[in-house]
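Chemist: My structure is below; once you've seen it, I'll send some questions.
What follows is calculated from the coordinates using simple rules that are stated; it is not laboratory data. These figures come from a predicted structure and were not determined experimentally. Quick reminder, even Gly has a Cβ in these numbers, built from the backbone with ideal geometry, and neighbours come from all protein chains shown.
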């Protein structure tokens, strides 16, 4: 068996620090790792409620058709939705003012898709033209949105291939594209450094940080977008022009249907992958793209608002100058709202970023470290702080189903009565349950036996257990059947205490050491999943000797009816406080107690098992040696569960009530 000396406080610091550090590293991994997507049609995912096509990689793409039947259409259009929306985006007829990502489909020309030019937008106005011009429109959910399967390797190129395959399966072809206030990646190599830096610096600091994290440290992006300490992509009214605000007002009066489905498979697979793909490292430079329609059978248009406060007009103007085959339209009073980007949010800026700062890798490394450090600090605070108790009888707590008495401090104590009627009893016994138990403790005394002895037994839920109110100021007490031993009682010789301590399993040494030296960390230790934390709670088989195993088998045949109530008010108020009380710093030394019955009007008995693997018998022997007025019984092959053995339980009661000398077998 591995042993470790961790009794002295200085020696406890290092193991606790190591455990905490490893725990934080484990948490950091889990916090940075996005949750798995809830894929539509799977047992844990939402149902499939849309028409879908199956792509070559096995994924499904959901789509919706609108307009005239495809066979009658003169013009066929694929509408690609933008950020945080879906195929159910509204196209109000007769007049349409809606920002969409659109590819016009008429002829079989796949070069545009092959060159990944699908991330485009358009601001369209229809004057009841859908019928008169015989337009057929297909909307589809991009990967991870709505009812379309997520794409783990999603990129700009994968988006293009999705459009290409959708067009092929619906028997339409590509001929041109219209881009309305298309997004720009500030790290495209084609942009002059000073121009990109100036454009990025015009954005709010929260946007700058978000886009830089997406570009330099995409592995940190999920954590950044889910933390609540700093603003991320939050839109403020100052970023919208009066024209934008009018459009937003119209949207609010006629909300789109199906909005609840947009992120139903997870924000990471929809919103986060959008930003990572858009602002990450592209596999090509857009300025190297050749004209997709050199024979002028199709065309590409960009519409940009001069007053756009989200997409700087200078970058799209520069791009169109480098790609002269793009038809560029710059409108004076139209802006980004056409793009449906982040309108429902508001901005609170708390981080100052210089508009002239350069997005270097070193800078982003510092950003990543700061975000990680702050996240770790937040986690440390939240993980060591126990949740509030769920007090029985309160609105958020379990119901009260047992009789209770009100104590002097206002708390309630739940109890249970057994045996003969109290008025007829010759002996009255209060039964105090142990760790992780309750007033419904298994007691192997039949009703006939209790009648014969004329015993009235009342058991109660100790504070925080079952239905008794928690007590944040609980004090230590003494039990008499395999009673708890605190290895830090001052009267124990250090060598004896350390020897008993080292007999515990490693996980229990850590648990008890933390309960004594760092009780504020106990909640974290007992709830973390990285290391074994408690042999008794994890039901380690090494804890039980032969007699214990037989007792467990008998107990399993008569399960406690209310076992589920033991921890119903929270493990902090029941199990954890027990450990802190038992193994914390006591206000007195038990081995200096005086005999409570100096005139021999009663006695104190202590029963212990020689083979108890939780509480070493050597320490109990030392206690009774220091307190000779205790009558000590050591069962040679007894374990930790002696109170639940029928013969021993009966012997204990007869000795206490009748003074019968027990015959220990």
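Chemist: FRET efficiency for residue 661 and residue 411, Cβ-Cβ distance as r, R0 = 56 Å, nearest 0.05?
Modeler: Once rounded, the FRET efficiency stands at 0.90.
Chemist: Just need the relative contact order of region 525-665 here, percent rounded to a whole number, with Cα pairs under 8 Å and 6+ apart.
Modeler: 25
Chemist: Starting from the Cα of residue 625, step 7 Å toward the Cβ, then list every residue of region 479-511 with an amide N under 13 Å from that point.
Modeler: 492-497
Chemist: What's the exposure ranking of 40, 649, 190, going from fewest to most Cβ atoms within 10 Å?
Modeler: 190, 649, 40
Chemist: Let me ask you something else. Once the piece of chain linking residue 219 and residue 538 is laid out straight, how much longer is it, given 0.36 nm per residue of separation minus the C-alpha distance between them?
Modeler: Value of the extension gain: 111.4 nm.
Chemist: To continue, here is another question. Rank by packing, highest mean first: peptides 501-513, 404-416, with packing defined as the count of other Cβ atoms within 10 Å averaged across residues.
Modeler: Packing order, densest peptide first, comes out as 501-513, 404-416.
Chemist: Continuing with the same structure: Can you tell me which of 157-163, 594-600 comes out highest on packing, and rank the rest after it, using the mean Cβ neighbours within 10 Å?
Modeler: With the highest mean Cβ count within 10 Å placed first, the list reads 157-163, 594-600.
Chemist: What length, rounded to one decimal in nm, is gained on full extension from residue 56 through to residue 401, with 0.36 nm per residue of separation minus their alpha-carbon distance?
Modeler: 118.3 nm
Chemist: Give me the distance in nm between label points sitting 7 Å out from Cα along the Cα-to-Cβ direction at residue 589 and residue 71, one decimal.
Modeler: Spacing of the two 7 Å Cα→Cβ label points: 10.0 nm.
Chemist: Only counting other Cβ atoms within 10 Å, I'd like 642, 591 sorted with the fewest neighbours first.
Modeler: The most exposed by this proxy come first: 591, 642.
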